[in-house]
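Visitor: Here you go, one structure.
The values are calculated or read from the model by the stated rules, or taken from the named source; none is laboratory data. Keep in mind that what you see is a predicted model, and the values were worked out from it rather than measured. No Cβ is skipped: glycine too gets one built from the backbone with ideal geometry, and neighbour counts run over all protein chains shown.
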């Protein structure tokens, strides 16, 4: 729907200003989760406000359910459904309603609803309002873009290709690509702290949102059950290190994730039973300190 940009330029159509922009997310959605993590890592909690929809998506789409734990009302419009936010920006809108959504209070419109672009804006345009260290550093950008592209089809989208495959052949292809890619990155992370080297970048955020859902949802619900993430020593410790970065754990809501996938996808799980899943041990010790580099100091700063 919208692919405009917030810019660190006072003369731009959407200039970066503290308190002007608002983010709509679902804790269940991995794409919205990317935006939430970027907001947290860059320390933008006071600069960009956020509302959270109900993880259970019914036929009418994403809904606001402030009575549910972890959810909020629509603090801008008082809407019952996220679709109403879209039609507030464009009364003629009839397309697909997705999260995340970045709203401009002054222009009273949606700036953007593409997760990769929102991540990049939060990281770059709002730099003066948050922590110093970027997730898209100079000298790494070519690698960051390459890795994000490399992990998207086999991993980020691969779990969906497997879960919603219409034939056995399509499922086998997706699962083969998925676990081949996971094995590749398991090897990379054996002697490298992050996907692009020693620096934490956007690429790590993009992989994290799939990994954190994997053992609780994708392994069972999407039949991606060749191995669990915790069966990969390096990926499992890498996942725990990212989870333990300041602010990241607060963006993770496994209950919302499970509720959405197991209850919303009635074609895959008609009775809506929610799998119990493995113990949540994301806060246990990891071994990533043995490798050079690490999270930027600014990310770890209060």
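Visitor: What single numbered condition from (1) closer than 28 Å to residue 18 by Cβ; (2) assigned to a loop (DSSP other than H, G, I, E, B); (3) more than 20 Å from the chain's Cα centre (by Cα) fails to hold for residue 97?
Guide: Every condition holds for residue 97 apart from (3).
Visitor: From (1) in contact (Cβ under 8 Å) with a residue 40 or more places away in the chain; (2) assigned to a loop (DSSP other than H, G, I, E, B), pick out the condition that doesn't hold for residue 263.
Guide: Status for residue 263: all satisfied but (2).
Visitor: Starting from the range 217-234, take each residue that is without any contact (Cβ under 8 Å) to a residue 12 or more places away in the chain and list its partners that are surrounded by 19 or more Cβ atoms within 10 Å (Cβ to Cβ), counting only C-beta distances under 7 angstrom and pairs at least six apart or across chains.
Guide: These pairs meet every condition: 225/219.
Visitor: All but one of (1) in contact with a helix residue (DSSP H, G or I) (Cβ under 8 Å, 6 or more places away or on another chain); (2) free of Cβ contacts under 8 Å to residues at least 24 places away in the same chain; (3) over 29 Å from residue 168 (Cβ atoms) hold for residue 250; state the number of the condition that does not hold.
Guide: With (1) in contact with a helix residue (DSSP H, G or I) (Cβ under 8 Å, 6 or more places away or on another chain); (2) free of Cβ contacts under 8 Å to residues at least 24 places away in the same chain; (3) over 29 Å from residue 168 (Cβ atoms) applied to residue 250, the lone miss is (2).
Visitor: Could you say which residue among 86, 24 is touching a strand residue (DSSP E or B) at 6+ places or on another chain (Cβ under 8 Å), touching a residue at least 40 places away in the same chain (Cβ under 8 Å) and farther than 27 Å from residue 272 by Cα?
Guide: Just one listed residue meets the conditions, 86.
Visitor: Scan 24, 56 and give me the residue that is in a strand (DSSP E or B) and either in the same structural domain as residue 84 (by TED's automatic domain parsing) or within 14 Å of residue 82 (Cβ to Cβ) (or both).
Guide: 24
Visitor: Inspect all residues belonging to the range 271-278 and state whether any of them is touching a strand residue (DSSP E or B) at 6+ places or on another chain (Cβ under 8 Å) and either surrounded by fewer than 18 Cβ atoms within 10 Å (Cβ to Cβ) or not assigned by TED's automatic domain parsing to the domain that holds residue 30 (or both).
Guide: No, the conditions are met nowhere in the range 271-278.
Visitor: Do we have any residue at all in the range 79-88 that's in contact with a helix residue (DSSP H, G or I) (Cβ under 9 Å, 6 or more places away or on another chain), in a loop (DSSP other than H, G, I, E, B) and not assigned by TED's automatic domain parsing to the domain that holds residue 270?
Guide: yes
Visitor: Okay, moving on. Filter the helices (runs of 4 or more DSSP H) completely within the range 111-193 down to those with at least 2 residues that are within 26 Å of residue 294 (Cα to Cα).
Guide: Here the list reads 115-124, 141-151, 168-188.
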